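The values are calculated or read from the model by the stated rules, or taken from the named source; none is laboratory data. Fair warning: this is a prediction, and the values are worked out from it, not measured in the lab. Don't worry about glycine lacking a Cβ; one is built from the backbone with ideal geometry, like all the others, and counts go over all protein chains shown. Protein only, heavy atoms only, side chains kept; ligands, DNA and RNA dropped before computing areas. Shrake-Rupley method; radii C 1.70, N 1.55, O 1.52, S 1.80 Å.
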Amino acid sequence: MELKAILEQRRSIRLFRPDPLPPGTIEELLVAARLAPSGTNLQPWRFLAVVSEEKRQALTACTFNVNFIAQAPLTMVCCVDRSATGARPERLRELAAAGAFAGTDLEKIDLSEYRKNKSRDEAAELAYLNLNVAIAVQQMVLRGVDLGLGSCWVMLFSQAKVKEVLALPEDLFVTALVPFGYPAQDPPPRPRLDTKDIFFGEV
Ligand SMILES: Cc1cc2nc3c(=O)[nH]c(=O)nc-3n(C[C@H](O)[C@H](O)[C@H](O)COP(=O)(O)O)c2cc1C
């Protein structure tokens, strides 16, 4: 499908058919996620696929009445790995070796000065990592549309409960839950601000 058609056809789907997903679907979604860009190529996204009836029910109980999580055959638990920042020097070395900075001033830049001035605020750091994960999640969502799947971002859940129910490691922070499945609804486009309301114009 053309990207424009995917962007136009995507909706948040909140009613799913119970049909199972074809083998390989999870892998297809992961491939789309891993191609996402990320700051210094940190790739801080981590995913857990919830598919069993038991875990789907348990996960639903961690949300605020998001019953369609139990309905969907798959829910991707989309997480930040907070320890990913520790691998920044390695990721930067890989990028340089791959020629990502070739021919630009970034080849010569000393990032230690920039880092010294950068706030080490934990909340800001998490927001930054979440931003990276969100890009990967949306790539999954769009690939899902390409595969005929509906999905919906869900953030109405208890962080502590999800971590407990799925026994997630300490370093993980759950960014979003995203149920995937064949849509049992065909909703019209949702309201959007006009482009003139979101654009300050050219300067
Ligand atoms: C970051 C984010 C969080 C969201 N959280 C929820 C949620 O917890 N529950 C829900 O039903 N929809 C959730 N949504 C879906 C939005 O309500 C939806 O994207 C918006 O109403 C526009 O509709 P559309 O996606 O069909 O275009 C979320 C979407 C995003 C991007």
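All conditions in (1) of a type in the set (Asp, Glu); (2) modelled with pLDDT of 95 or more; (3) not in a loop (DSSP other than H, G, I, E, B) hold for GLU113, with the sole exception of (2). Among the residues making up the stretch 145-167, those that are free of Cβ contacts under 8 Å to residues at least 24 places away in the same chain and within 15 Å of the ligand (Cβ to nearest atom) are MET155, GLN159. When the stretch 141-154 is filtered for residues that are under 16 Å from VAL50 (Cα atoms) and either open to solvent by 20 Å² or more (accessible area, probe 1.4 Å) or of a type in the set (Lys, Arg) (or both), only TRP153 remains.
Within the set VAL165, VAL137, VAL203, the sole residue that is open to solvent by 30 Å² or more (accessible area, probe 1.4 Å), within 23 Å of PRO73 (Cα to Cα) and among the β-branched types (Val, Ile, Thr) turns out to be VAL165. For the stretch 4-41, taking the residues that are part of a loop (DSSP other than H, G, I, E, B), aliphatic (A, V, I, L, M) and under 30 Å from GLU94 (Cβ atoms), the one that is nearest to the ligand (Cβ to nearest atom) is identified as ALA36. Filtered by the rule that a residue be within 16 Å of the ligand (Cβ to nearest atom), part of a loop (DSSP other than H, G, I, E, B), open to solvent by 20 Å² or more (accessible area, probe 1.4 Å) and at negative phi, the stretch 45-88 gives ALA61, PHE64, ASN67.
Yes/no matrix, rows are residues, columns are (1) modelled with pLDDT of 95 or more; (2) assigned to a helix (DSSP H, G or I); (3) out of contact with any helix residue (DSSP H, G or I) (no Cβ under 6 Å at 6 or more places or on another chain); (4) away from the ligand (no atom under 16 Å from the Cβ):
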residue: VAL137; (1), (2), (3), (4): yes, yes, yes, no
residue: PRO169; (1), (2), (3), (4): yes, no, yes, yes
residue: PRO191; (1), (2), (3), (4): yes, no, yes, no
residue: ASP197; (1), (2), (3), (4): yes, yes, yes, no
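With respect to (1) in contact with a helix residue (DSSP H, G or I) (Cβ under 8 Å, 6 or more places away or on another chain); (2) within 13 Å of the ligand (Cβ to nearest atom), the lone exception for ASP186 is condition (1).
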